[in-house]
Amino acid sequence: MKTLYSIVFLSVFISFNAQTNNIVTANLKAIYKLEFKKFVDADKTSTENMTLFQLKDGATTFLNSKMMLIDSIQKIRIIDVSDLASLVCVNNFIVQQSSDKYHYLESLGSDIFSFEQNIKLNWELVSERKLINNYNCKKATVSYGGRDWIAWYSIDIASTSGPYIFKGLPGLILEVSDVDNVFHFTIESLQYGLFKINGNLGNYFIKDAHVKKPVTVVNSTDFYKARNNYNKLSLDERMKYINLNSAEKAGTMIITSPQGEILNTNRPSKVRNFIERVE
Amino acid sequence: MPFLVQAQNATIQGVIVDANSKTVVGATIIISAEKDSDDVLSFASSDSFGKFVIEKTKSQADSIWITVRHLEYNNYKRKIANRNSSLKIELLRKTEQLAEVLIAPRKIVTIKGDTLTYDVEGLKAKKDYTIEEVIARIPGVSISENGQIKYFDKAISHLYINGLDLLEGRYNIATRGIPASAVKDIAVYKNHNHERINIGRRDSEEVSINLKIKNGQNVVFGSAKNEAAVPLLTGLADVTPIYIKAKFQSIASFKANNIGASLKSNGESLSIGDINMYKLKVEDTPIIRPTNTNGSVLSNKYWLDNESLSVTNDALLKVSDSTLVKFNINFLNEVTAIQSQSLRTFLSGVNVNDVTTVSNNELRTKRFQIGLNQEINKKNIYLKNNTNLYAANDNGIENIVLNQNQLTAGFQNSNVNISNATVVKRAFGKDKILSGGALFQYNNQSEVLHVTPAVFTQNAAVNGVSESTRQVLDISKFNAGMFSDYSFLWLKMNWTAAQNIQYNNFQFRSQLNQNPQINTIQFPFVGDFQFQKLKSITRLQTKRSIGNLNLKVSISADFLNIFTREREINDAKNESYFFLQPVFSLTYKIKNNWDSGFSISQNRAVSDFQQIFQPVVMTSFNMLSQNPPVINVVATTSFAPFISYSNILNNFYATLRGSIGKTSSDVTFASELNNQGFLTMTVLERANVVNNNSISLNVNKSVLGILKTDFSYMLSSFNNELFFNNQFINAQNQSHTIDASITVDNGTWYSFAYKANYRNGKTTFGESSIDNIFLFHGATVDLYAGPKSQWQFGAESARASATMTAKTDVNTMFNANYTYKSSSKLIFKAALLNILNTSVFQTTYGGTNAVSISQFALRPRQFTIGLTYSF
C-alpha cells in the first residue's frame, strides 16, 4: 500500500488534452483473440479481443479492442454509467513499441500508469510447422516475464510484429502462448490498408467527467509492485483508493447477491495472473 | 576448418533503400540455403535508418540466399556469397497497393438492419454435411421432416441462392443437396419484400434466407450418395448436381431408395406465390380415404417400408436484372407399405364399443408434374405467370381384419390438374399499389374403392348374393377466379381494398353398388350432382401505428350464390348468402423487448362442395357417410391474446398465447357404430356448438454455436355435442402437451441432442372417460474420435398407455452410426439401425369420443454402409 500511495503522490504528472487528437496512420491491423485465466486458481478461461496496429515506420501499438470503442466515444462525449458494462475490460493496457523500446500504459483504478523499458527477446527458431488460417507457420520459443512462450509466425507476412511485446521474428506472429496456456493469443483477422488511429493514448482510457486525468510515469519495477498491490486490495479499499482525489468521502458499499445475502466487500481479492510473473 | 568457421560466422550487413534512395524501415531480411525455402537460417529487420546486421549467417555453404520483404515493397531475392559483406539493397514499391484482407475477421453473425448474416464455417459443427444442417443451427430456426424451414414458427417465404429464388417453396432439394462446404454465408432477411414494388411502400413480416455460394466453387457442384444394407437387401442412391452461373441456375436431383426415406416431398409444383391466388385455388378433394401406409411420431427410418424413385430438375434463366424464367419437371414413383393394428374404444354414455383393426397395407403413388414461371420484378411493376400440369395416380391395397371379419380393400385415385395463373402489380405514386390476377384451373379426379367381401349390405343397395362392394366416383372441376387489390394511404393510414370473384362448376358422379348387382341402383347409392358457386368477397383492411401500438382492422362483405342439382331425383337448390366478417388485431410494444397483443375475429362460412353432395359414399372399407340435405352455415368467433419477449443479443425468446374459440353450426354430426366395427355417418338438422380453448407457452434460448433449448407447453380443451348410437351426448377432450428439446454443441469432441414430447389427454363422453398418456424421447450423442471420424448413437423411445387397457407399452429403438471423412469430399458411413430389433411401436391418441391405441410394425435390424461424395 505504501508503495502505491507514494507513486501516486510523488510522480510526475503529464497532462493529456482529449480535444486535440493526434492522428497517426497504420498500414497493418491485426486482431488477436486473447484467452486467459484471470485468477491463479481459476479453471475458467476468459476471452478478450486485442488489436495490433503497425505504423508505416515499423512501430506498433497494441491494445484491448474495447479501448478503441472508448476512444471513439470519448472523441464526442463523456462515457456514462450505461456504457460501462460493455466497455470495462480486464486487460486495459497499451503497448507501444519502436525498435527495442517499449512504452507501456495501464490503468489501475482511475489512474493511468506509464513506463518505458528495453526488452530484447532471444528467440529460438524451431523447425516445427503448422497451418494457421491457411498460412504456413513456423515455431519459435522464448522466455519472457517468468514464463516460457511458444510463438507461431509466418514469413509470408512481411512484418516482424506480434501481439503484446512479442516481436522480432522473420514474419508476423499469428499465435503465441505460454507453455502453461495461461495466456494464449490467436490471430482473428488481419488487414492491410490505411488505418487512421488516435495517437493520443490517454483517450483510450475511461475518463472521469470532471477530473482531467494525468498519466503517472514510473519505472517498470515500481509499476509491477503497484499493480500487485492494487490487485490485492479488497473492493472497499479499491473504492477508497479510486476516490482519493474526490472531494466527497466514499460511502460504505452494501452489495447483495441475487439471493439477498450481503456480500463482504472487504474480503481480499483473488490472486490475479499477469503476463509478467513478477513478485 | 577455419574457412568453415568463417562461413558460419559471416556477417552480412547493409542498408535497405527505395528507388529514391530513401531508407526503408521495418523490412524483414532472411537468410536461407535455397531460393524458395522457408527454412530461416538467420534473420534481421531494418532499423529506423534502414540498416540491418546479420551477425552469423549460420550456413556452411559457399553461397546463400537473401530475401527482403516489406508490406509496401516487392519481395527482393538474391544469391550472395557466404562471407562478410556489406550490401545496399534497393526495394521497388508495389505498383498498386490496394487494401487487402489477409485473414478475414470471423464473426459468426453480423447484424445489419434487418439482415442477420451467419458465417457458415463459424456456425457449422464438424458433423454437418448439408447446408440444411447448418441452417438448423441458426437460433430460432426449426426444420420439419419434409424440409420446410421456419423462423420463429413462421415459414420462410423465399430461399435464395446467390440472390435468386430458383426453387420457390420447394427449396428442400437445395438445402438437402448443397454441401455446407460450398456455402460462404447464410443471410436471414427479416421484414423482407421479395417484390421490389413493395420496397419502401409496404411493411413486410416475411422472412427469407439467402445462401451465398463460395466464390471459388466449381460451376457444377453438388453431392452424390449411396448406401447398401443387409440382411434385408436395401440401398440408397442420390445425386444432386447443381449448376450456378450468374445468369443461369439449375438443380437436378435423382434419388432412389428402399431404406425408409420417403421422396414425396422431393419436387413439387412451381407456384404463383401470391396469397390472393391461393385463396382462389381449388384444392384436391379426395373423398375416399387413401390407403394408409403411414406410421407416426417415430422417425421414418424405423418404420417406412418403401421403394422410392424421384427425378426432378429446376432451371432458372435470368433474362435481365428484373426478368426471370423458371422451369421445372418432377417425376415420382413410390411404393409404401405398413402392417398395423389398433384398438379404438368409442364411448357412448355408459356403453363402450371396441373396434379392433389389423391391417396390412400397400400404396403405389406415381406423380408427374411440369411447370413454367415467368417473373418481371421491377420497382414500379411486378408480373408473374405460372402454368402447371400435374398428373397423379394412386393404387392401394388393404388386407384387414376388422373385429375378426376379414376384408380386402382396393383403392385407386387418378388426378389430372391443369392451371394457369397471372398476377400483376403496379405502383402509382409513392405509396399506392394496384394488384390484380386471374386463375383458370381444370381438374379431373376418379376414385374407386373395392371391398371384398361385400360390406354395408343392410344399407347399400341390398343384394343377397353380393360378393363385394364397389364405390366409384368421378369429379370434374372447373374453377375461374379473379382478384384485384388496391393499397393506398388515407388519413395517415395504410388501406387495402380487395375484391375477389370466383366461379366454380363441379360435376360429381357417384355409384355405390354390390357385386354382382342385380337390382337397379337408385339414389342415394347412385348420384349425378352438379355444383355451381359464385363467390364475391369485398374486403377493406387498414393498419395504423400510434407510438408502440399497432392496429389492424379488416372487414369483408361476402356474397355467395350456390346452385346444386341432383339429377337422379331432379332436386335443385339455389341459395344466396351475404356475410359481414370483421377481424380486429392489436399489438403493443410494451418495452424494447416486450410485445403484446390480441386478435378478435368473427367468420361465417357455408358448406363447400364436399359437405353438400347428396349421394351416400363409402369413404373407407368401414365407413359410409352422407351429407346433410341442407346447406350448412358455420360461424366461428375467436379471441387470441399473446405476450412475448425477445432478446436477440441474448438469443432468448418467450411467447405466451391464449385462444378462445367458438364454432356454431346449423347441423350436428351423427354416427352409428355396429358390433362389427362399421360406422355410418350422417348429419342431423340440429344446431351445434364446439368450444375450443387453449393456452400455450413457448420458450427458446440459444447460446450461439453451443447450446439451443426449446420448451413449449400447451393446454387445450374441446367440447361439443354429438349424436352417437342414437343418443345425444356431450363430448369433452382435454390435453396437456409438453415439448422440450436441448442441443449442446460447442464444436469440441462431442455434441448432444435430446427432445421429448409428453401428452396427457382425457376424453370424456357423458359419464365415461378415458385417460391416455404418451411420452416420447429421442436422444443423439455424437462423438468425434478425431478430425475425420465420428460416432453417433441415437435412441428413440415411447411409452403409451390408456386407461381402457391395463397394459403400458414401452418401445425403444437404438441405432449407431460411424462416419469417416477421408477428405472434405468423400464420406464413408456405416450404420446399425434398430439394434434391439424392436418389432412394433405403440402410440395413443384421444379424439372427440374415442381413444385409440395403435401399433405399427418396424423395419428389422439393418446394417448399412454408404459413401457420400461432394463434387
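Throughout, read-outs are computed from the coordinates displayed, never taken from laboratory work. All values derive from a computational prediction rather than experimental measurement. Note that we place each Cβ from the backbone using ideal geometry, even for glycine, and neighbour counts take in every protein chain shown.
Quick notes on this structure:
- Counted charge near A:Ser159, where neighbours are those whose Cβ lies closer than 10 Å (Asp, Glu -1; Lys, Arg +1): +2
- 10 Å Cβ neighbours from other chains, averaged over peptide A:151-157: 3
- What separates the Cα centres of the stretch B:310-375 and the stretch B:781-848 is a distance of 25 Å.
- Across peptide A:187-200, the average count of Cβ atoms from other chains found within 10 Å of a residue's Cβ is 3.
- Among the residues of B:20-27, the average count of other protein chain beta-carbon atoms within 10 Å of the residue beta-carbon is 3.
- Among beta bridges from DSSP that stay inside chain B, the antiparallel ones total about 95%.
- Added length on full extension, which subtracts the Cα-Cα distance from 0.36 nm per residue, B:Phe254 to B:Thr808: 195.1 nm
- Simple spin-label estimate for B:Ile706 and B:Gln532 in nanometres, 7 Å along Cα-Cβ: 7.0
- A simple spin-label model places the labels of B:Arg861 and B:Lys214 4.1 nm from each other, with each point 7 Å out along Cα-to-Cβ.
- Computed over the stretch B:580-684: relative contact order in percent, which uses C-alpha pairs under 8 Å that are six or more apart: 25
- With contacts taken as Cα pairs under 8 Å and at least 6 residues apart, chain B reaches a relative contact order of 7 percent.
- Summed residue charge, Cβ within 10 Å of B:Lys708's Cβ, Lys/Arg positive, Asp/Glu negative: 0
- Value of Rg/Rh across the protein assembly as shown [Cα atoms, Kirkwood radius]: 1.05
- Between A:Leu87 and A:Lys120, the contour length at 0.36 nm per residue exceeds the Cα-Cα span by 8.6 nm.
- Computed packing ranks the peptides B:617-629, B:675-687 as B:617-629, B:675-687, most packed first, by mean other Cβ atoms within 10 Å.
- Inter-part distance, the stretch B:707-770 to the stretch B:542-574, computed on C-alpha centroids, equals 33 Å.
- The stretch B:729-871 shape via C-alpha gyration tensor axes, a/c threshold 1.5: prolate
- Once both labels are positioned 7 Å from their Cα atoms along Cα-to-Cβ, the gap between B:Ala224 and B:Met482 label points is 5.3 nm.
- Computed over the alpha carbons of the stretch B:529-614, Rg followed by Dmax gives 19.9, 66 Å.
- Segment B:Asn574-B:Lys88, extension gain: residue separation times 0.36 nm, minus the distance between their alpha carbons: 164.4 nm
- In the stretch B:452-552, the trypsin sites (Lys or Arg not before Pro) that fall in loop regions by DSSP, at most 14 other Cβ within 10 Å: B:Lys492
- Distance between the C-alpha centres of the stretch A:118-192 and the stretch B:257-285: 57 Å, rounded to the whole angstrom.
- Highest-first packing order for the peptide set B:209-217, A:24-32 is A:24-32, B:209-217, based on the mean count of other beta carbon atoms within 10 Å.
- The stretch B:597-705 - convex hull of the alpha-carbon atoms, volume per residue in Å³: 185
- Taken one residue at a time, the phi angles of the stretch B:757-769 give Karplus couplings (6.51, -1.76, 1.60, θ = phi - 60°) of 9, 10, 9, 10, x, 9, 10, 10, 9, x, 9, 9, 8 Hz. Gly and Pro are set to x.
- Principal axis extents of the Cα atoms in the stretch B:330-481, from largest to smallest and rounded to whole angstrom, are 72, 39, 32.
- Cα-only Debye scattering, the stretch B:467-619: base-10 log of I(q)/I(0) at q = 0.17 Å⁻¹: -1.00
- Altogether, the Stokes-Einstein calculation at 20 °C and 1.002 mPa s, with the Kirkwood radius of chain B over Cα pairs as Rh, returns a diffusion coefficient of 67 µm²/s.
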